[in-house]
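Contents: one structure, followed by commentary.
The values are calculated or read from the model by the stated rules, or taken from the named source; none is laboratory data. Predicted model, so just to flag it, every value in this text is computed and none were measured. Heavy atoms of the whole protein, side chains included, go into the accessibility calculation; ligands, DNA and RNA do not. Shrake-Rupley method; radii C 1.70, N 1.55, O 1.52, S 1.80 Å.
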Amino acid sequence: MKIYFASPLFSNMERIYNADVVSRIRNQYPDIEVYLPQEQGDINDKSSYADSVMIAKLDTQELLSSDLLIAVLDGITVDAGVASEIGVAYQAGIPVLGLYTDSRQEGYDNKEKIEALSELAESQFSYVNLYTVGLIKLNGYLTNSEEDLINRIVDYK
């Protein structure tokens with residue numbers, strides 16, 4: 001089995017987080033191959049050069065040869081590359097496990113938070129693009145914890 005791990009990869013924080021989650025996957029499932037784009041030096045060594053066609057070809061080839069896409073949805077918005085990868089996976093029939101850990105989803109039943117929704121610009125909740133989430137739900141699963149995500153991989157083996 002091969003997993004493609006889609007996540008933003010441009011800050012130290014993102015790269016460290018990605019490496020940590022992938023390490024945990026590899027430790028729990030040593031027989032599974034995980035493709036982590038930031039480890040692909042040919043296109044993601046930012047001190048070097050890779051044009052858009054090189055990046056699109058290599059990452060799409062890796063994605064289409066995968067059995068499962070893990071997609072991290074965290075951030076101000078879903079990363080554009082991750083959203084593209086979700087679309088490619090959906091079209092190719094590759095299941096997607098989405099990870100959305102935004103803490104603003106906590107307290108969803110808090111009366112004050114719900115009442116604040118009627119005030120302009122006072123939403124206490126985060127927003128994630130519904131089209132992107134819908135593609136995940138049509139052919140996969142959405143979770144809010146790394147532990148649950150890692151444990152659900154076995155459902156796709």
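So the values come out like this:
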quantity	calculated
Residues of the chain: accessible area per residue with a 1.4 Å probe, Å²	58 Å²
Ranking by accessible area, most exposed first, for 13, 1 with a 1.4 Å probe	13, 1
Relative contact order (percent, whole number), the chain, Cα cutoff 8 Å, 6+ residue spacing	24 percent
Residue 130 - accessible surface, heavy atoms, 1.4 Å probe, Å² rounded to 10	120 Å²
Distance from the range 65-130 to the range 1-44 (C-alpha centre basis), Å	20 Å
222 nm mean residue ellipticity, helices alone, for the chain (DSSP H n ≥ 4; -39,500 (n - 2.57); rounded to 500)	-13000 deg cm²/dmol
Degrees between helix 52-64 axis and first principal axis of the chain (Cα, 0 to 90, nearest 10)	90 degrees
Accessible-area value, residue 112, 1.4 Å probe, nucleic acids and ligands omitted, Å²	140 Å²
With all protein chains modelled, accessible area of residue 111 [1.4 Å, Å²]	140 Å²
Lysine pair number, Cα distance threshold 22 Å (strictly under), the chain, separation 8 or more or different chains	5
Within the accessible area of the chain (1.4 Å probe), percent carbon and sulfur	52 percent
Projected-area mean, the range 1-147, by convex hull of Cα positions, square nanometres	10.1 nm²
